[in-house]
Amino acid sequence: MDMRTLLTRKLVYVVITLWAILTFNFFLFRIMPGDPTRVLVPRGGSQELRDAIMHRFYLDRPLWDQYVHYIYQVFTLDFGISSGEWKLQEITPNLVEPLINTLLLVGIGTALAIFLGVMLGRYAAWRRGTPADTVGMAFALTFYSMPTFLFALVMLMVFAGQLQWFPLKGPYGELPFVANPPDYTDMSIPEKLLSRGYHLVLPVLAFTVEVMAEFALIMRNSLTDVLTEDYIVTARAKGLSNKTILKDHAMRNAMLPVVTVAAISVGWVLGGDIMVEIVFSYKGLGYIAWDAVNLRDFCVLQALFLIMAIAVLIANLVADIIYMYLDPRVKI
Amino acid sequence: MSAKFAGRSLGMRMTRREDSAGRRAALAVTILIIMLVIGLASAMPAPADEPSGIASTALAQAALEVDAGPPLNNTYGSYAELNATVIATIEPEDDLNYTWSFIDNATTVTRYGKLVNYVFTETGVYAVDLTVTDMFSNTATDSTTVTVTPEADAGTSRQFREDNPVTLIYLNASGSSSNPEIVTYVWTFTYDGAPQTLTGKNASFDFKRPNTYNITLTVTDSNGMVGTDYVIVRVLAKPLWVVDHWIVSFIGLPILIIAALMIYNKWRKGSGIITSTDIEKAKLQYKGIRKNWTIFRSNRLGFAGFIVLIIFGAMAIFAPWISTVQNPDDVQEPNIIVDGVAIQLNPLPPSTSKSIYTGITHYWGTDHKGLDIYSMTMYGARASLIVGIVATAISVLLGTAIGLAAGYFGRVTDEVLMRVTDFFLVLPWFPLMIVMMAILGQKFIWVVVVIGITSWPSTARVVRSQVLTVKERQFIVRAKCVGATDGHIIKTHILPNVLPLIFANTVLLIAIAIFSEAFLDFFGLGDPTVISWGAMLESAYDFDAFLKGAWWWIGAPGAAIVLMVLSFSLVGYAIDDVLNPKLRRR
């Protein structure tokens, strides 16, 4: 099977899965309990008002008509109107800011986590059996077993609550060493960046340490496997330096599982990290999703679900392609 | 919350607008009528010595009318809300002068304003007079009565099960207050079809029969005024054994059925229930297990994890015996503040001395409600272990079935099932869990089911890849040639080869399930009636445990979660080690 056929097939799968997600998304929120008009129509609203709103949201049409309309809406990036947080506003423009916040937090966090995790795993695997390995793996296992929200909570309470080194919540607003910072909109650009960075430290730290542990474990496992392979013995017998063996012979092969997990993690970037975002009241997509669940804001949830699923889908596709490039055996 | 809030504020504004509109309309109509009458009066030939001013004064007087409101019933110590309603006036009603007067404690009290709040010093029936004066010095009067009754407090409602060791309930009316003092306390309720009456500030009654008892407390003070309150004691019927032990039934029943089927099969074939082959098989298996156990024990971390898990299991099973409180949700340390000075405020730090209020030793402190952290941590092991094991059982069953079918039958079945698996794999599962919990409602069983059905895709993938390698082996091809059916091949050849490998995966899945349960509880989506570590952390977060310096409140459940998940992970890796000989070499 050559590359092109394989790619075409993957693309077809992606399209099918996408359609399935769209359909699932449509029906999941149709079986949710509760009358959506009850949220939208003010108390004491007349039947005419209710009818008008039903009409506006296509709820008075037959199901297939709603479905077709939904698909059309999604392709025009129109996610409808919010009934919760942004009352009766268009959802799409409102999603931009949380999207940026999330990209900053989870993007930086994921990049750091992958880098540090791979480093830690490599270090531990290369010195396996030594105290350094034990300590490194104990660290990784502990944080892998610790719920993210618990670690985030401890960070928040110690560094923001008790010591007050960092702000308690939000994506921006406060400045270090400034008692009464100006409004975010009045800040100069370096101040804005500083404010964002100041607010990002704790969430990014919490996120990175938690995700890093997973990468370290996978990297160590994979690398210890590879280091027992015969070709490593051969390389050693050839008299290659340790550095060359690790870099050119072991790491290349050991990176494969890491790439898969990294791709999925990158896909999750758009989903945000619900736990960290809620604990730090950081208004990213995860926080918005949580709010939407509490407010029964189905349109927003639907939009978020779709964004997250599509991001993971694309990340998976990219992972497959990278995999094909890294491991030629996959093609067969 | 804000949607509801917005709706409410919208509603409020609407009613207020209607109100003022109505009032303005009434005013306009009144003025119109007055002008019309004035116009008629002035158009009429007036008597020479009567100026029209007098007529208008007379009309204005007729237009002032006021209502002091319906008779009020107040408990002792609460504000009586005297509110005047103006029925007719020609002046804006806020400009009118309102005077309330009544006799309290033998002195005449006068208060001014449209709305007056007053606390009567004694119980009794008071007549309150309202006088309203407008700019023309016209007056209108009305009166109403305020009845002040003693404040009765029957205490908090309680709920327990019929088989509770203690069914004697103490009724405590010490929250009641009045001036002059309360002389009689009477508790009335219906028990077993017959009316029951208890007297005294503190009373007790043994509630043995399951029912909901609505107990009315009637207090009478020396003024003869009567106050009432009620308290609900709910005695729950002991549920059916199956409902009470649904987990045992869910796991035990299938095992029983499978055992019965196996015995039936043997019996049908005509061989004895235990044949010599069975004994040989058992011996072999025993040998294999012993060998694996030796390898497992050599993995120190895994063995340590195993021991920790046994301790957690013991905690879960023996929770009622090792905890200091029988029902940790019921026994609370009170917050005690006297004259604004806190004598005792929760959360309490760990201590080794007995509490003087409940007689419980709080080894690990209490939470904000005064509940014992030590006992709750013991009970919390139950929820975590049950969710971990049952949810994983669900996901392994689903995953294995789908993986087997996909791997074994291949072709279209594989394609379709793998698309479904991929679909579930890309679904954002934390939001999905949240949405499903929101749809299904917060019941413990749904927590288990939701975690189970969102975590099966990884098992399906592992099983499928294993089946694919096993399927191509020689013995499968031979079995097919002999004419074995698919069911037989799957049962006797594929499953035994695949199951050991998914075992390690299963133990790791348990860790994730426990994690998910803690997550759901932490974000308030779990069953509020079940004691769990996640819920403990949630309350710690909600009530700012760290800002209060209550490290024990986060420490105990947090450490428990980390230890349990860590042990499951370690045991999982160790089992992987045992079953994958290739890993052992390193």
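Taken together, the values in this text are just the output of simple stated rules run on the coordinates, not laboratory data. If you're wondering where the values come from, they're calculated on a predicted model, not measured in any experiment. Reconstructed Cβ throughout: ideal geometry from the backbone, glycine too, with neighbour counts over all protein chains shown.
Excluding same-chain residues fewer than 8 positions from A:Lys247, which lysines have a Cα within less than 19 Å of its Cα?
Cross-link targets: A:Lys238.
Using a 10 Å cut-off around each Cβ, can you sort B:Arg234, B:Arg290 from fewest to most neighbouring Cβ atoms? Spell out each step's value before the answer.
On the way: B:Arg234 15, B:Arg290 9.
With the sparsest Cβ surroundings first, the list reads B:Arg290, B:Arg234.
With each pseudo-label sitting 7 Å past Cα toward Cβ, what's the A:Ile321-B:Val341 distance in nm, one decimal?
Computed distance between label sites A:Ile321 and B:Val341 equals 7.5 nm.
Name the shape class, rounded, prolate or oblate, that the alpha-carbon gyration tensor gives for chain A, where a ≥ b ≥ c are the square roots of its eigenvalues, rounded holds for a/c under 1.5, and otherwise prolate holds if a/b is larger than b/c and oblate otherwise. Before the final figure, lay out the partial values.
Numbers: a/c = 2.80, a/b = 1.46, b/c = 1.92.
Taking the square roots of the gyration eigenvalues as a ≥ b ≥ c, chain A is oblate.
With respect to the cross-link table entries A:Lys283/B:Lys548; B:Lys266/B:Lys491; B:Lys291/B:Lys471, which display a Cα-Cα separation exceeding 20 Å? Present the calculation step by step, with values, prior to reporting the outcome.
Values: A:Lys283/B:Lys548 26 Å; B:Lys266/B:Lys491 16 Å; B:Lys291/B:Lys471 27 Å.
As for pairs spanning more than 20 Å Cα to Cα, those are A:Lys283/B:Lys548; B:Lys291/B:Lys471.
Which one of A:Val276, B:Thr89, A:Gly136 has its Cα pushed farthest toward the positive end of the charge dipole of the protein assembly as shown, where Lys and Arg give +1 and Asp and Glu give -1 at the Cβ?
A:Gly136
Return the whole-Å distance between the Cα centroid of the range B:142-165 and the Cα centroid of the range B:199-226.
Taking the Cα centre of the range B:199-226 as reference, the centre of the range B:142-165 is 9 Å away.
Mind putting a number on the dipole of chain A about its Cα centre? Charges go on the C-beta only, +1 for Lys and Arg and -1 for Asp and Glu, and I need it in Debye to the nearest 20.
The dipole magnitude comes to about 980 debye.
Measure nothing but the geometry: give the 0 to 90° angle between the long axis through the Cα atoms of A:3-28 and the longest principal axis through the Cα atoms of chain A, rounded to 10°.
So the inclination is approximately 40 degrees.
Per residue, how big is the convex hull around the C-alpha atoms of the protein assembly as shown? Give it to me in cubic angstrom, could you?
On the way: hull volume 265.7 nm³, N = 918.
Hull volume normalised by residue count: 289 Å³.
Quick one: putting +1 on the C-beta of Lys and Arg, -1 on the C-beta of Asp and Glu, what dipole do you get for the protein assembly as shown around its Cα centre, in Debye to the nearest 20? Mind dumping the intermediate values first?
Details: 70 positive and 74 negative charges, 1444 e Å.
Charge dipole, the protein assembly as shown, about its Cα centre: 6940 debye, nearest 20.
If each residue's Cβ is checked for other Cβ atoms within 10 Å, how do B:Glu517, B:Glu65, A:Glu174, B:Glu181 rank with the fewest at the top? All intermediate terms of the calculation are to be shown ahead of the outcome.
On the way: B:Glu517 29, B:Glu65 14, A:Glu174 18, B:Glu181 10.
Arranged by neighbour count, lowest to highest, B:Glu517, B:Glu65, A:Glu174, B:Glu181 become B:Glu181, B:Glu65, A:Glu174, B:Glu517.
Can you give the convex hull volume per residue for the Cα atoms of the range B:170-271, as a whole number of Å³?
On the way: hull volume 12.5 nm³, N = 102.
Enclosed volume per residue, from the Cα hull, is 122 Å³.
Subtracting the Cα-Cα distance from 0.36 nm times the residue separation, let me have the gained length for B:Tyr357 to B:Asp414 in nm, one decimal.
Details: separation 57, 0.36 × 57 = 20.52 nm, distance 6.50 nm.
Extra length from B:Tyr357 to B:Asp414 when fully extended: 14.0 nm.
Check B:Asn74: other-chain or 5+ apart residues with amide H under 5 Å from its amide H, H built from backbone geometry?
B:Thr147, B:Val148, B:Thr149
Can you give me the long-range amide H partners of B:Ser222? Hydrogens built in the peptide plane at 1.01 Å from N, cutoff under 5 Å, separation of 5 or more residues or another chain.
Residues meeting the criterion, in which the H sits 1.01 Å from N, are B:Glu181, B:Val183.
Bins of 10 Å, beginning at zero and ending with the bin holding the largest distance: percent of Cα pairs per bin for the range B:66-198, please.
Spelled out bin by bin, the range B:66-198 gives 10, 30, 22, 16, 12, 7, 2, 0 percent.
Within chain B, which complete DSSP H helices have Cα atoms spanning at least 20 Å along the helix axis and a mean Kyte-Doolittle hydropathy of -0.5 or higher?
On the way: long enough: B:2-43 (59 Å, 0.58); B:246-269 (34 Å, 1.22); B:276-298 (33 Å, -0.97); B:300-317 (26 Å, 2.21); B:373-409 (52 Å, 1.48); B:411-426 (22 Å, 0.69); B:457-471 (21 Å, 0.09); B:495-522 (39 Å, 1.75); B:551-579 (41 Å, 1.45).
Qualifying helices: B:2-43, B:246-269, B:300-317, B:373-409, B:411-426, B:457-471, B:495-522, B:551-579.
How much length is gained if the chain between B:Val449 and B:Tyr170 is pulled fully straight, taking 0.36 nm per residue apart and subtracting their Cα-Cα distance, in nm to one decimal? It would help to have the intermediate numbers written out before the result.
Details: separation 279, 0.36 × 279 = 100.44 nm, distance 3.98 nm.
Working it through step by step, the gained length comes to 96.5 nm.
If you take the beta carbon distance between B:Ile317 and B:Tyr230 as r and set R0 to 41 Å, what does 1/(1 + (r/R0)^6) give as a FRET efficiency, to the nearest 0.05? Could the numbers behind the result be given before it?
Details: r = 40 Å, r/R0 = 0.97.
It comes to 0.55.
Residues of the range B:69-108 with amide nitrogen under 11 Å from the 7 Å Cα-to-Cβ point of B:Thr147?
B:71-74
Averaged over peptide B:430-437, how many Cβ atoms belonging to another chain are found within 10 Å of each residue's Cβ?
Details: counts 10, 14, 5, 0, 7, 10, 1, 1.
So the per-residue partner count for this stretch is 6.
Just want the answer: with Cβ charges of +1 for Lys and Arg and -1 for Asp and Glu, which residue in A:Ile21, B:Leu425, B:Pro496 is farthest toward the dipole's positive end in the protein assembly as shown?
Toward the positive end, the furthest listed residue is B:Pro496.
Within 10 Å of each candidate Cβ there may be at most 15 other Cβ atoms; applying that plus a DSSP loop requirement, which chymotrypsin sites (Phe, Trp or Tyr not before Pro) in the range B:494-563 survive? Could the numbers behind the result be given before it?
Numbers: sites: B:Phe503, B:Phe515, B:Phe519, B:Phe522, B:Phe523, B:Trp533, B:Tyr541, B:Phe543, B:Phe546, B:Trp551, B:Trp552, B:Trp553; in loops: B:Phe523, B:Phe543, B:Phe546.
Here no chymotrypsin sites (Phe, Trp or Tyr not before Pro) fit, given the DSSP loop and packing criteria.
Pop the C-beta distance of A:Ser188 and A:Thr92 into the FRET formula with R0 = 35 Å and round what comes out to the nearest 0.05.
Values: r = 30 Å, r/R0 = 0.85.
My answer for the efficiency is 0.75.
Treat every Asp and Glu Cβ in chain B as -1 and every Lys and Arg Cβ as +1, leave all other atoms uncharged, and give the resulting dipole magnitude about the Cα centre to the nearest 20 debye.
Working: 44 positive and 47 negative charges, 1241 e Å.
Charge dipole of chain B: 5960 debye, to the nearest 20.
If you average the C-alpha positions of the range B:77-104 and of the range B:422-481 separately, how far apart do those two centres end up, in angstrom?
What the calculation gives is 70 Å, centre to centre.
Would you work out which of B:Thr228, B:Tyr286, B:Met378 lies farthest towards the positive end of the dipole of chain B? Charges go on Cβ: Lys and Arg +1, Asp and Glu -1.
Most positive-ward Cα: B:Tyr286.
Calculate, in nm to one decimal, what B:Ser78 and B:Asn105 gain on full extension: separation in residues at 0.36 nm each, minus their alpha carbon distance.
Numbers: separation 27, 0.36 × 27 = 9.72 nm, distance 1.62 nm.
Additional length available on full extension: 8.1 nm.
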